[in-house]
Amino acid sequence: MIDQLNISLNNNTDAATPVISVEHMFKSFGANHVLIDFNMQLYKGENLVVLGKSGSGKSVLIKCIIGLLEQDSGAIDVLGNDVQNLDEKELDELRAKVGFLFQSNALYDSMTVRENLEFPLRRHWIKLTAAETDAKVKDVLENVGLAHTIDMMPAELSGGMRKRIALARTLILDPEIMLYDEPTTGLDPITAKEISELIVTMGEKYNTSSIIISHDMNCIRMTADRIVMLIDGCCYAQGTFTELEQNNDPLVKQFFQQWQSKLSIT
Ligand SMILES: Nc1ncnc2c1ncn2[C@@H]1O[C@H](COP(=O)(O)OP(=O)(O)OP(=O)(O)O)[C@@H](O)[C@H]1O
Ligand SMILES: [Mg+2]
């Protein structure tokens, strides 16, 4: 295994209160050892990016955090809960506090935008009057800049708009933590920039702590308070964007060089 780099933590984080803690986590699929003694903390109020190549285990990590997959060993603590030992009801309660923006958005194609946004409220038995529900739907839609789409179907929306609606559907539950899986993949650069900005502004507005999984360096630069680099199954390096960008380790450099050479062409 490669030695982990010793890059300092960003002092902006509140070190006393990790809202997610992953310790000595192992996860394999048969002979495919995806996560090998992986360690990571998400601190209250921070935007943490997990950066890694395709197939490095980023989605597996996030799925274990939300209890969709089970780790082989090691501990995952989310908001004081040992995820592996929660029953279905407890997991459900936790998932209301941890919003998950899927790579695919996972909107319901047969429902209008309004119905898509009402769905999580019903699903989590949140008791609101019709007027309160209406106000909540309109409020969250306004926050993502799409008030006018309330009666539209997902098929009528662009990729960027669908991503915003998926984000609104997650935010409507007022989550404490947001997990974003590749939020800008498949979007054009301008839309990707808008979504990155929205991640930051919504984080501030809804007071969330976030894990953002990405290999879009522009998105990472805009959103990350701190970056964890997932290489060969473990947390290979961590630090701020600038700290890692200036690091001379060849594996760390690889990620930044490609991005820098693209910048110099455009
Ligand atoms: N349910 C599963 N069963 C078997 N293998 C799996 C399963 N889910 C993921 N894997 C394997 O785990 C490894 C990591 O997959 P993962 O989806 O986490 O990658 P990733 O880092 O999210 O990649 P990408 O950037 O392409 O989304 C891959 O080798 C994948 O084939
Ligand atoms: Mg993935």
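Nothing in this text is a laboratory measurement; each read-out follows from the coordinates by a stated rule. This is a predicted model, so every value here is computed, not measured. In this analysis, Cβ positions are derived from the backbone assuming ideal geometry, glycine residues included, and neighbour counts consider all displayed protein chains.
Between Arg221 and Ala106, what is the FRET efficiency for a Förster distance of 22 Å, r being their Cβ-Cβ separation, to the nearest 0.05? Once rounded, the FRET efficiency stands at 0.25. What you get for the chain, charging only the Cβ of Lys and Arg (+1) and of Asp and Glu (-1), is a dipole of about 500 debye around the Cα centre.
Farthest toward the positive end of the dipole of the stretch 67-170, out of Gly80, Leu117, Asn143, is the Cα of Asn143, where the dipole comes from beta carbon charges about the Cα centre.
Each 10 Å bin, from zero up to the one with the longest distance, holds this percent of the alpha carbon pairs of the stretch 117-266: 10, 35, 30, 17, 7, 1. Multiplying the residue separation of Leu128 and Thr185 by 0.36 nm and subtracting their alpha-carbon distance yields 17.0 nm.
Each 10 Å bin, from zero up to the one with the longest distance, holds this percent of the alpha carbon pairs of the chain: 7, 29, 35, 22, 7, 1. The gain in end-to-end length when the Leu86 to Ser54 segment is fully stretched comes to 8.5 nm, 0.36 nm per residue minus the alpha carbon separation.
A simple packing score, the average count of other Cβ atoms within 10 Å per residue, orders the peptides 130-140, 185-195 as 185-195, 130-140, with the highest score first. Per-residue ellipticity at 222 nm from helix content only, as computed over the chain with -39500 (n - 2.57) for each DSSP H run of at least four residues, stands at -11500 deg cm²/dmol. Taking the C-alpha atoms only, the angle from helix 159-171 to the longest principal axis of the chain is near 80 degrees. From the Kirkwood radius over Cα pairs of the stretch 131-207, Stokes-Einstein at 37 °C and 0.692 mPa s returns a whole-number translational diffusion coefficient of 254 µm²/s.
Shown here are the Rg and Dmax of the Cα trace of the stretch 70-145, at 15.5, 47 Å. Taking the stretch 236-260 and a reference point 7 angstrom along Cα→Cβ of Asp37, the backbone N atoms nearer than 17 Å belong to 236-238.
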